[in-house]
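Here's the structure, in structure tokens; my notes come after.
The values are calculated or read from the model by the stated rules, or taken from the named source; none is laboratory data. Because the structure is predicted, anything quoted here is derived from the model rather than measured. With ideal geometry, Cβ positions are generated from the backbone for all residues, glycine too; neighbour counts draw on all protein chains shown. Please note that ligands, DNA and RNA were not included when accessible areas were found on the heavy atoms of the full protein model with its side chains. Shrake-Rupley method; radii C 1.70, N 1.55, O 1.52, S 1.80 Å.
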Amino acid sequence: MHMQPIRKQHSSAGRGKSTLRPIGNAASGLPAALEPRHCVFRSVSRLARAVSSTYDAALKPCGLSAGQFTTLMTLSRSGPSTVGELARLITASSTTIPRILQPLQDRQLVCAVEAEDRRKRIVAVTPAGERLLRKALPHWERGQREVLDHFDAERWARLRSEIAALRRSL
């Protein structure tokens, strides 16, 4: 579908607002593969936003986002880790990790210290972070149940396996 700019009426301040309106129709000559419902990225990102919103809402009483909870949970299970190891564990780039960690460090939920190799930093959950993680666990479980209420255990196990296989292949 093509878009054509149109001008709206001038406001009382004398400024016009430009908007777009569709011209043409679905038979625009574009390939059927461009149908949004066939786009893997669109489907996966829409699902990720829906799942993330569910967990964010469940964890809000604890003052954590889903991403912050996942980071604390991962560090708690793995123990102190380098930034590179943490990036690999949570599937994020090493350059993204400081942005993820900063709010947790500001709240003293994690700490980072220089490793023997001064080019590396070791990140660990603090006692305050462990306490908050335990407090947040029932809230996380509520989010987990809310999502998994739509899947039986066998179906979720298959989906988790397929997601992992796709992630490994990319």
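Within the range 146-157, work out how many residues are surrounded by 11 or more Cβ atoms within 10 Å (Cβ to Cβ) and free of Cβ contacts under 8 Å to residues at least 24 places away in the same chain. Qualifying residue count, the range 146-157: 5. Taken over the range 102-121, the criterion of being of a type in the set (A, V, I, L, M) and at pLDDT 95 or above is satisfied by Leu104, Leu109, Val110. Pairing each residue of the range 56-68 that is among the hydroxyl-bearing types (Ser, Thr, Tyr) with any residue that is open to solvent by less than 40 Å² (accessible area, probe 1.4 Å), provided the two are 6+ apart or on different chains, yields C-beta distances under 9 Å for Ser65/Tyr55; Ser65/Leu59.
Filtered by the rule that a residue be under 25 Å from Ala57 (Cβ atoms) and in contact with a strand residue (DSSP E or B) (Cβ under 8 Å, 6 or more places away or on another chain), the range 103-141 gives Leu104, Gln105, Leu109, Val110, Val125, Gly129, Leu133. For the range 148-170, a residue qualifies if it is assigned to a loop (DSSP other than H, G, I, E, B) and either closer than 19 Å to Phe41 by Cα or in contact with a helix residue (DSSP H, G or I) (Cβ under 8 Å, 6 or more places away or on another chain) (or both), and the qualifying residues are Phe151, Leu170. Residues in the range 43-59 that are open to solvent by 40 Å² or more (accessible area, probe 1.4 Å) and among the polar types (S, T, N, Q): Ser43, Ser52, Ser53. Could you say whether any residue in the range 122-140 is more than 21 Å from Ala66 (Cα to Cα), of a type outside the set (D, E, K, R) and either surrounded by 11 or more Cβ atoms within 10 Å (Cβ to Cβ) or modelled with pLDDT of 90 or more (or both)? Within the range 122-140, one or more residues are more than 21 Å from Ala66 (Cα to Cα), of a type outside the set (D, E, K, R) and either surrounded by 11 or more Cβ atoms within 10 Å (Cβ to Cβ) or modelled with pLDDT of 90 or more (or both).
Could you say whether any residue in the range 56-68 is in contact with a Lys or Arg (Cβ under 7 Å, 6 or more places away or on another chain) and closer than 26 Å to Phe41 by Cα? Yes, there is a match, as at least one residue in the range 56-68 is in contact with a Lys or Arg (Cβ under 7 Å, 6 or more places away or on another chain) and closer than 26 Å to Phe41 by Cα. Annotation: Ser28 fulfils all but one of (1) open to solvent by 50 Å² or more (accessible area, probe 1.4 Å); (2) modelled with pLDDT under 85; the unmet one is (1).
The rows are residues; the columns are (1) open to solvent by 40 Å² or more (accessible area, probe 1.4 Å); (2) over 19 Å from the mean Cα position of the chain (by Cα); (3) of a type in the set (Ser, Thr, Tyr).
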residue	(1), (2), (3)
Pro61	yes, no, no
Ala66	no, no, no
Leu75	no, no, no
Leu86	no, no, no
Glu114	yes, yes, no
